[in-house]
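Trainee: There's a structure below that I have some questions on.
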Amino acid sequence: MENLKLSDKHKNILQKLTQGLKDVYREGLVSIILYGSAVSGEFVDKHSNLNLLVVLKSTDLENLKKSSKLIRKFNMINALFLTENYIANSIDIFPIEFLDMQENHFVIYGKDILKDIHIDIRNLRFQCEQELKAKLLKLRQTYLMLHDNTTALRNLLFLSFTSILHIIRNVLRLKGKKPPYLKQDILKEIGTEFRIDIMLWEKILAAKNKQVKLSRKEIEQLFVNFVKELESIVTIVDKL
């Protein structure tokens, strides 16, 4: 774990958890893989989780229960328990998730089951379109209920911004690009590829990071304009 940009405290947590899982599952444990911000270098203490893919030979509930006490000891651990068979049969359904794992992962124990997975670009396009359209519908419907509640509207805007930016990052793949990881870099690529003014997106990101304060009027205007931009992007994705 020497190459990971994590504190000794977090490395120690991973070592203890790894040993605990090995003791619990023994030959039933296939892999323990760290993925996400802890590998990409964006890990922020007290804000980020340590995301782990734990591959077992069996994920029956009785088998999973064996590690429940161990997992609960570490509240910053976000562990996903899967089998190799489940992964092989789910790549077509969750291409975004598996691409993200494949792009930033570190094998702590066992074999690298992410290295050779192949994502069909058609499945990626379908998931991107489906999720963007679902987000758009939710934003429209929720706006009717929350437009006069500034705090709720702001929270919805910030939460939606993060998840939508993550999806659009993968839309860049559909256009033949290797997407960047940092949010600011993703915005620059979006501006280039979709020919949109990213000042709106940058302002939302700055407000989300508490770098600027927004008035009640600004929040609603940002929300409305954000939905309009999303409508344009959905139209583009629909034609890819």
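The values are calculated or read from the model by the stated rules, or taken from the named source; none is laboratory data. Note that the coordinates shown come from a computational prediction; the quantities given were computed from them, not determined experimentally. All Cβ positions, glycine included, derive from the backbone under ideal geometry; neighbour counts span all protein chains shown.
Trainee: Please work out which residue is modelled with the highest pLDDT, limiting yourself to the range 33-61 and to residues that are in contact with a His (Cβ under 9 Å, 6 or more places away or on another chain), part of a strand (DSSP E or B) and under 16 Å from K9 (Cα atoms).
Mentor: L34
Trainee: Restricting attention to the range 32-53, and to residues there that are surrounded by fewer than 20 Cβ atoms within 10 Å (Cβ to Cβ) and out of contact with any Ser or Thr (no Cβ under 6 Å at 6 or more places or on another chain), which single residue is farthest from K115 (Cα to Cα)?
Mentor: K46
Trainee: Somewhere in the range 141-164, is a residue among the charged types (D, E, K, R) and out of contact with any helix residue (DSSP H, G or I) (no Cβ under 8 Å at 6 or more places or on another chain)? Please lay out each step first, then the result.
Mentor: Going through the range 141-164, the residues among the charged types (D, E, K, R) turn out to be 148, 154.
Now drop any that are not out of contact with any helix residue (DSSP H, G or I) (no Cβ under 8 Å at 6 or more places or on another chain), which leaves 148.
Yes, the conditions are met somewhere in the range 141-164.
Trainee: Mind checking which residues of the range 68-85 are assigned to a loop (DSSP other than H, G, I, E, B) and closer than 26 Å to K115 by Cα? Quick ask: steps written out before the conclusion?
Mentor: Quick first cut of the range 68-85, residues assigned to a loop (DSSP other than H, G, I, E, B) only: 73-76, 83.
Those that are assigned to a loop (DSSP other than H, G, I, E, B) and closer than 26 Å to K115 by Cα: M76, T83.
Trainee: Against the definition (under 19 Å from K111 (Cβ atoms), at pLDDT below 95, out of contact with any Gly (no Cβ under 8 Å at 6 or more places or on another chain) and of a type in the set (S, T, N, Q)), how does N12 come out, yes or no? So that I can check it myself, show each step before the final result.
Mentor: Details: under 19 Å from K111 (Cβ atoms): no; at pLDDT below 95: yes; out of contact with any Gly (no Cβ under 8 Å at 6 or more places or on another chain): yes; of a type in the set (S, T, N, Q): yes.
No.
Trainee: Only one of (1) in contact with a His (Cβ under 7 Å, 6 or more places away or on another chain); (2) loosely packed, with under 12 Cβ neighbours inside 10 Å fails for L153. Which number is that?
Mentor: Single failed check for L153: (2).
Trainee: On to the next question. Taking the range 176-211 on its own, how many of its residues are in a loop (DSSP other than H, G, I, E, B), exposed (fewer than 13 other Cβ atoms within 10 Å of the Cβ) and more than 18 Å from the chain's Cα centre (by Cα)? Before the answer, list the steps.
Mentor: Going residue by residue through the range 176-211, those that are in a loop (DSSP other than H, G, I, E, B) are 176-182, 195-198, 209-211.
Still in the list and also exposed (fewer than 13 other Cβ atoms within 10 Å of the Cβ): 176, 178, 182, 195, 197, 209-211.
Subsequent filtering for residues that are more than 18 Å from the chain's Cα centre (by Cα) retains 176, 195, 197, 210-211.
Final tally of qualifying residues: 5.
Trainee: Still on this model: Return yes when V227 is assigned by TED's automatic domain parsing to the domain that holds A134, over 25 Å from L99 (Cα atoms) and at pLDDT 90 or above and no when it is not. Full working, then the answer.
Mentor: On the way: assigned by TED's automatic domain parsing to the domain that holds A134: yes; over 25 Å from L99 (Cα atoms): yes; at pLDDT 90 or above: yes.
Here the answer is yes, as V227 does meet what is asked.
Trainee: Further, regarding this structure: Tell me which residues, restricted to the range 115-125, are surrounded by 15 or more Cβ atoms within 10 Å (Cβ to Cβ) and either in a helix (DSSP H, G or I) or at pLDDT 95 or above (or both).
Mentor: Residues satisfying the conditions are N123, L124, R125.
Trainee: May I ask you to list the residues in the range 49-62 that are touching a residue at least 24 places away in the same chain (Cβ under 8 Å) and either of a type outside the set (A, V, I, L, M) or not assigned by TED's automatic domain parsing to the domain that holds L14 (or both)? Show your work before the answer.
Mentor: First, the residues of the range 49-62 that are touching a residue at least 24 places away in the same chain (Cβ under 8 Å): 49-59.
Within the range 49-62, N49, N51, K57, S58, T59 meet the criteria.
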